[in-house]
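Okay, structure first, notes after.
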Amino acid sequence: NPLLEIKHVKKYFEVDRHRSLKAVDDISFAIRPGETLGIVGESGCGKSTLGRTIMGLYEKTDGEIFFDGENVDQMDRDQRFQLHRKMQMIFQDPYASLNPRSTVLDLIAEPMDIHRTYNNQYERRERVEVLLEKVGLSRTYLNRYPHEFSGGQRQRIGIARALALDPDFIIADEPISALDVSVQAQVVVLLKKLQEEKGLTMMFIAHDLSMVKYISNRVGVMYLGHLIELTSSEVLYEHPLHPYTEALLSAIPIPDPDIEETRERILLKGDPPSPVNPPSGCVFRTRCPFAMEICAKETPMFQEVERGHFAACHLHQPKTEGPKVHNRNRG
Ligand code: SF4
Ligand code: MG
């Protein structure tokens, strides 16, 4: 059974009386316990809004969210409070998400204070020390302030804080985008290690495909508020179906000069259109090199094209099982 399942979730923001910004438009997927789902897309595609809507930080416009089989809309106050304990978020900008006037001790202990998960100050401090070690920081940092740390260290503090309540599910919203390239890999390695140790279920949001493959079991690609492709990381990188995913992948430089560049580069024209005024039919059609007449008229369904491989594109229809053709030359 999935730990998290979302069905037809929408989040629209009202722009004025007649128009709304369709930040998240009819997204459905499920995440199994212990699985990491990567969510990738350009900035403004709605991936952070999706994360915040799942977390309950934004009220959804439509759709259903199930956590551990329970519809979150049908939870009572106590269940909701418990849910906040089980779901935690790691934010993109560790500078902005940590109160500059709080010590490391208080920053990491704050979620524990809210949920009263310790019996005394000694226990509180002891737990924070253990969390610091878990994220690769020294126990001696307890009484220091955020400004005394580097970006990578601050993100480690943010991770320790997210782990303080021993959650089941973590949404990491571009946890490495604000960091130096040299520390990005370290933070991703740490997240993967913690995820494996604790059997955490994770949604890892990123704007490019390069780090996501390493950490994710499956990857979903978003464009203009829509989920346009979803499958295992291996299949997505080797055999993408959607032209937008192909374009994203062709933009990743191949690091080894001995490997011949077999992927044809697909350059996308222009910028994504405004989510206030999305194109008719396929949202990607204004930039798609393969757009056909039908693409302006009909919105492609997000459907399972191959086993476990979902895509929303008129070029890819599910392979229906026709009558089996027997080999007549079999002798
Ligand atoms: Fe391109 Fe049409 Fe597929 Fe959209 S549905 S991605 S426009 S081919
Ligand atoms: Mg974002």
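If amide H atoms are built 1.01 Å from N in the plane of the peptide, which residues on other chains or at least 5 residues away come under 5 Å of the amide H of D62?
Excluding prolines and chain starts, which carry no amide H, the hits are K10.
Hey, got a sec? Which GluC sites (Glu not before Pro) in segment 27-122 land in a DSSP loop and have at most 10 other Cβ atoms within 10 Å?
Details: sites: E35, E42, E59, E64, E70; in loops: E35, E42, E59.
Sparse-neighbourhood loop GluC sites (Glu not before Pro): E59.
Distance between the C-alpha centers of segment 1-75 and segment 158-174? Whole Å please.
Result: 18 Å between the Cα centres.
Kindly write out, for segment 44-54 in residue order, the coupling ³J(HN,Hα) from the Karplus curve 6.51 cos²θ - 1.76 cosθ + 1.60 (θ = phi - 60°), rounded to whole Hz, with x marking Gly and Pro.
Once θ is set to phi - 60°, the couplings for segment 44-54 become x, 7, x, 5, 5, 4, 4, x, 5, 5, 5 Hz.
Tell me whether segment 143-182 comes out rounded, prolate or oblate; compute the Cα gyration tensor, take square roots of the eigenvalues as a ≥ b ≥ c, and use a/c under 1.5 as the rounded threshold. Display every interim value, and only then the final one.
Working: a/c = 3.39, a/b = 1.23, b/c = 2.75.
Note, shape of segment 143-182 comes out oblate.
Tell me the label-point distance for the pair N71, R125, using the 7 Å Cα-to-Cβ offset, in nm and rounded to one decimal.
In this crude spin-label approximation the distance works out to 4.9 nm.
Apply the Karplus parameterisation 6.51 cos²θ - 1.76 cosθ + 1.60, with θ equal to phi minus 60°, to every residue of segment 114-124 and state each ³J(HN,Hα) to the nearest whole Hz, in sequence, with x for glycine and proline.
For segment 114-124, the Karplus curve yields 5, 9, 6, 9, 9, 9, 7, 4, 5, 5, 4 Hz.
Against the longest alpha carbon principal axis of the chain, how many degrees, from 0 to 90 and to the nearest 10, is the axis of helix 77-86 turned?
80 degrees
Using Cα pairs closer than 8 Å and at least 6 residues apart in sequence, work out the relative contact order for the chain, in percent.
Answer for the chain is 19 percent.
So what are the ³J(HN,Hα) numbers for segment 2-10, from phi and the Karplus equation (6.51, -1.76, 1.60; θ = phi - 60°), rounded to whole Hz, Gly and Pro as x?
x, 7, 10, 9, 10, 10, 6, 6, 10
Throughout, read-outs are computed from the coordinates displayed, never taken from laboratory work. The shown structure was predicted, so the numbers you read here are calculated from the model rather than taken from an experiment. Please note: Cβ atoms are built from the backbone with ideal geometry, for glycine as well, and neighbour counts cover all protein chains shown.
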